[in-house]
Amino acid sequence: METRLRAYQLDSEGSLFSHYKPGVFTLIEARIPKAGILDIINELAIFGKTKIDCLHITSWDIDHCKYDDLIQILNKFRPGLIELPFYDPETEEGKLCKNTIEGYEVVHERYKPNVHAWTKVWFDGLSPATPKTTGNVVYRPDFESSESNDKSLMQLLRSNGFNVVSLGDVESAVIAKRLLTCEVFKNEIDVLILPHHGADNGFITGDLLDQIKPKIAICSSNHGNQYRHPKEKIRSLLSNRSIPLLTTKEGDIIIEHVKGGIHTSARNFVSNNTGLQGTHVFVSKRYH
């Protein structure tokens with residue numbers, strides 16, 4: 001397997017993704033799938049792994065980091081690297097999660113973990129991204145924003161298969177315009193994970209989609225989907241540009257690229273395993 005992304009169905013509002021490229025398994029968000037922790041165990045086993053290389057948490061909101069789920073993940077998978085938002089959480093649940101992770105290095109020192117907050121000082125020391133390579137690219141949040149959503153971690157996960165952009169709950173149109181000044185952001189996105197579960201908040205616009213031209217879009221929404229994500233305007237923007245949309249409302253999404261191949265397949269499984277909800281095949285920008 002060259003690259004594999006899995007979006008998991010949850011039993012409550014929230015997001016959970018796993019991303020694999022050779023040697024690196026990343027779990028995006030600290031949540032447990034609707035089907036239970038065995039789903040993550042089985043996903044790791046595909047690649048001969050039992051541990052998570054990186055736990056990447058985009059936001060301290062409970063739909064991205066839930067304490068009970070976090071404890072299971074830390075105890076079972078012993079992530080070698082944990083990437084955290086720089087800001088202090090406002091909720092008691094968020095504070096509990098942050099304090100637990102910050103204590104993780106001390107409790108499990110023998111596992112040599114690395115807990116890393118994406119601070120302004122850290123961003124200031126980074127070099128510009130190199131186009132058309134396989135290193136992940138990180139994007140600067142709005143450090144001065146009064147909105148915690150705009151402090152979400154944002155990154156482009158790149159590989160020799162396809163590239164995925166993860167944007168957390170970001171909703172600022174100003175941030176969107178700034179990202180479009182980055183040539184890598186504009187030219188190398190294959191899979192767009194809709195920010196804030198596909199909310200209509202000004203970030204996703206026709207102009208942004210016209211410039212980044214994603215091959216496929218993903219919306220993380222639970223079965224109840226009480227917030228009706230993605231919003232109708234976002235659906236229309238995608239549909240008008242013939243960008244396929246897959247959601248986790250009815251089941252998991254798996255996108256994978258096999259070594260030696262050109263095409264990437266995206267499949268949406270219904271939760272009762274009776275079949276596929278939708279299948280799409282595309283050629284990633286790397287292979288054009």
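The values are calculated or read from the model by the stated rules, or taken from the named source; none is laboratory data. Given the structure is predicted, the values throughout are model-derived calculations rather than measurements. Glycine gets a Cβ as well: all are built from the backbone with ideal geometry, and neighbour counts include every protein chain shown.
Yes or no: region 66-76 includes at least one residue that is crowded, with 20+ Cβ neighbours inside 10 Å, touching a residue at least 40 places away in the same chain (Cβ under 8 Å), out of contact with any His (no Cβ under 6 Å at 6 or more places or on another chain) and under 22 Å from THR247 (Cβ atoms). Give the steps one after another, and end with the answer.
First, pick out the residues of region 66-76 that are crowded, with 20+ Cβ neighbours inside 10 Å: 66, 69-70, 73-74.
Filter once more, keeping what is touching a residue at least 40 places away in the same chain (Cβ under 8 Å): 66, 70, 73.
Retained after the next criterion (residues that are out of contact with any His (no Cβ under 6 Å at 6 or more places or on another chain)): 66, 70, 73.
Of the ones still in play, those that are also under 22 Å from THR247 (Cβ atoms) are 66.
Checked against the condition, which is being crowded, with 20+ Cβ neighbours inside 10 Å, touching a residue at least 40 places away in the same chain (Cβ under 8 Å), out of contact with any His (no Cβ under 6 Å at 6 or more places or on another chain) and under 22 Å from THR247 (Cβ atoms), region 66-76 yields at least one hit.
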Q) Would you say ASP61 is without any contact (Cβ under 8 Å) to a residue 60 or more places away in the chain and of a type in the set (Asp, Glu)? A) no
Q) Using beta carbons and a limit of 6 Å, which pairs, at least six apart or on different chains, have the first residue in region 249-270 and within 15 Å of GLY161 (Cβ to Cβ) and the second one of a type in the set (S, T, N, Q) and crowded, with 17+ Cβ neighbours inside 10 Å? A) HIS257/THR3; HIS257/THR264; THR264/SER284
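Restricting to region 182-212, count the residues that are hydroxyl-bearing (Ser, Thr, Tyr) and in contact with a strand residue (DSSP E or B) (Cβ under 9 Å, 6 or more places away or on another chain). Break it down into steps so the answer makes sense when it comes.
In the first step, residues of region 182-212 are kept if they are hydroxyl-bearing (Ser, Thr, Tyr); the result is 205.
When the remaining residues are screened for being in contact with a strand residue (DSSP E or B) (Cβ under 9 Å, 6 or more places away or on another chain), the result is none.
The qualifying residues number 0.
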Q) Given the structure, is GLU188 surrounded by 19 or more Cβ atoms within 10 Å (Cβ to Cβ), over 15 Å from the mean Cα position of the chain (by Cα) and over 27 Å from ASP61 (Cα atoms)? A) yes
Q: Kindly indicate whether any position in region 141-153 is in contact with a strand residue (DSSP E or B) (Cβ under 7 Å, 6 or more places away or on another chain), surrounded by 21 or more Cβ atoms within 10 Å (Cβ to Cβ) and either of a type in the set (S, T, N, Q) or assigned to a helix (DSSP H, G or I) (or both).
A: no
Q: Go through region 183-193 and count every residue that is in contact with a Leu (Cβ under 9 Å, 6 or more places away or on another chain) and more than 16 Å from LEU16 (Cα to Cα).
A: 5
Q: Could you run through region 189-232 and say how many residues are out of contact with any Cys (no Cβ under 8 Å at 6 or more places or on another chain), modelled with pLDDT under 95 and part of a helix (DSSP H, G or I)?
A: 3
Q. Which of (1) more than 17 Å from the chain's Cα centre (by Cα); (2) over 24 Å from ASN136 (Cβ atoms) does LYS49 not meet, given it meets every other one?
A. (2)
